[in-house]
Amino acid sequence: MQVSVENTSALERRMTIGVPAERIETEVNKRLQQTARKAKIPGFRPGKVPMSVIRQRYEDGARQEALGDLIQATFYEAVVEQKLNPAGAPSVEPKTFEKGKDLEYIATFEVFPEFSVAGFESISVERLSADVADSDLDNMLEILRKQNVSFEVVDRAAQNEDQLNIDFVGKIDGEAFAGGSATGTQLVLGSGRMIPGFEDGLVGAKAGEERVLNLTFPQDYQNLELAGKTAEFTVTVNTVSAPTLPELNETFFKQFGIKETNIEGFRTEVRKNMERELRQAIKSKVKNQVMDGLLAANPIEVPKALLENEVNRLRVQAVQQFGGNIKPDQLPAELFEEQAKRRVELGLIVAEVVKQFDLKPDDTRVRELIQEMASAYQEPEQVVAWYYKNEQQMNEVRSVVLEEQVVDTVLQKASVTDKAVSYEEAVKPVEAPQAD
């Protein structure tokens, strides 16, 4: 077998492979002999059909099958021989494909980029530290109460945080528009569910009152057909209901699956959950900074095949998340390219760090992570046992731990600044940068 390789770009390789005719004929004959043993042809006993008849009837099919298998086999042999690492399936173009002649074909494909991860010292990380104060716990209890608020009809003017049952009709230039009308809908004033001015315009209204609101849709409104347009909403208030916060009692505690029946026990369980959330938030922010730093310090070219695969994966995830009748390939690739590129780059860089430092998942950390996740459930021992019986789940946990070990490896060399902050600041999500 003859092989030559041409570098057509940083990652693309054009490999010409020649396969001797003798090897092709050997594979064709092997298939014909297999066919001869089981072929059923009128006038001949099974296994006694002359090879000339078998060849006349089945040679073309056997040759096509042999050529296809040989291309697969010799491509694999060639990349091993040339020490190449393909990043995707090759595009195959036959040069000679004639009976009795050597097979020659061209395989064009991309390889994984070869690089060493560097620049750890240039990475700056701000590592937050915080505690769950009693005031943070008190605030969380109020949030939990508000999430479980009940409403009771009252005979007074509406206030912020009241729930109104309303009918409304929206019109633009005197014409009703799609999605601009509803009957019997529940709206909590101050929730921000409606466009700016809608909820404010109903403060002070009473049951049975009708109000006309002239409002403008935001310029960045999700429905582009309505963005920036002025609309008139005629709103009828059917009922006004005042909020009633639940008491912190055994009935309330049971809603959260907590066995404790007293306030101190409930506070202890809520604090544990808050501390778990705090640890995860701090760890996540450190990881994001490390990954951003690795990307900035190690610009690499991404194989198109890997990028396309990741875009398709994100398309499928989007359809699964939002549903509807749309198919993944109907979603524009441009929507996912930036995210896909980041994920592929990070995957390659993280894998290279693992290789450079010979990292392997630490069994102790794997168990600690499983126990941490299991602690959120009522029967943590059963959850731990379930993980250890499920190899797929265990592999996912090992991957998470390995990524954490990559972060720790970078932190040993990076510039790290510790900063004490409040619980609220520590768990607050990082805002995504605004597009220009």
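Tabulated data for the structure shown
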{"item": "Pairs of Cα atoms farther than 17 Å apart, the range 363-436, %", "result": "64"}
{"item": "Cα centroid of the range 330-393 to Cα centroid of the range 1-76, whole Å", "result": "44"}
{"item": "Average projection area in nm² (convex hull over Cα atoms of the range 150-244, one quarter of hull surface)", "result": "5.8"}
{"item": "Label point distance in nm, N395-N85, each placed 7 Å from Cα along Cα→Cβ", "result": "1.9"}
{"item": "FRET efficiency, E425 to T261 (Cβ-Cβ, R0 60 Å, nearest 0.05)", "result": "0.95"}
{"item": "For the chain, calculated [θ]222 nm from helices alone, where every DSSP H run of n ≥ 4 adds -39500 (n - 2.57)", "result": "-15000 deg cm²/dmol"}
{"item": "Residue order, fewest to most beta carbons within 10 Å, for K48, K171", "result": "K48, K171"}
{"item": "Nearest-ten-degree value, helix 391-411 long axis tilted from longest Cα axis of the chain", "result": "80"}
{"item": "Kirkwood-Stokes translational diffusion coefficient of the range 82-155, alpha-carbon pairs, 20 °C, 1.002 mPa s, µm²/s", "result": "102"}
{"item": "Reciprocal of mean inverse Cα separation for the range 2-110 (Kirkwood radius, Å)", "result": "15.5"}
{"item": "Where only alpha carbons of the chain are counted, the Rg and the Dmax (Å)", "result": "33.1, 101"}
{"item": "Selection of chymotrypsin sites (Phe, Trp or Tyr not before Pro), the range 43-126, meeting DSSP coil and at most 15 other Cβ within 10 Å", "result": "F44, F97, F115"}
{"item": "The chain: angle of helix 304-322 to the longest principal axis, Cα-based, in degrees nearest 10", "result": "40"}
{"item": "Sorted peptide list for 349-358, 375-384, criterion being average Cβ within 10 angstrom, highest first", "result": "349-358, 375-384"}
{"item": "Interatomic Cα distance distribution for the range 87-245, bins of 10 angstrom, percent", "result": "8, 22, 16, 12, 11, 12, 10, 6, 3, 0"}
{"item": "Angle in degrees between helix 134-147 and the longest Cα principal axis of the chain, rounded to the nearest 10", "result": "90"}
{"item": "Tensor-based shape of the range 15-56 (alpha-carbon gyration tensor, a/c under 1.5 rounded, otherwise prolate or oblate)", "result": "prolate"}
{"item": "Percentage relative contact order, the chain, counting C-alpha pairs under 8 Å, at least six apart", "result": "18"}
{"item": "Positive-end residue, the chain charge dipole about Cα centroid, Cβ charges, pick of N160, M140, M394", "result": "M394"}
{"item": "Burial ordering of F168, F256, F112, fewest other beta-carbon atoms within 10 Å first", "result": "F256, F112, F168"}
{"item": "Shape of the range 232-342, Cα gyration tensor, a/c cut at 1.5", "result": "oblate"}
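Every number here is computed from the coordinates shown, using simple stated rules; none is lab data. Remember, predicted model here, so these are calculated numbers, not experimental data. Positions of Cβ are generated from backbone atoms using ideal geometry, with glycine treated the same way; all protein chains shown enter the neighbour counts.
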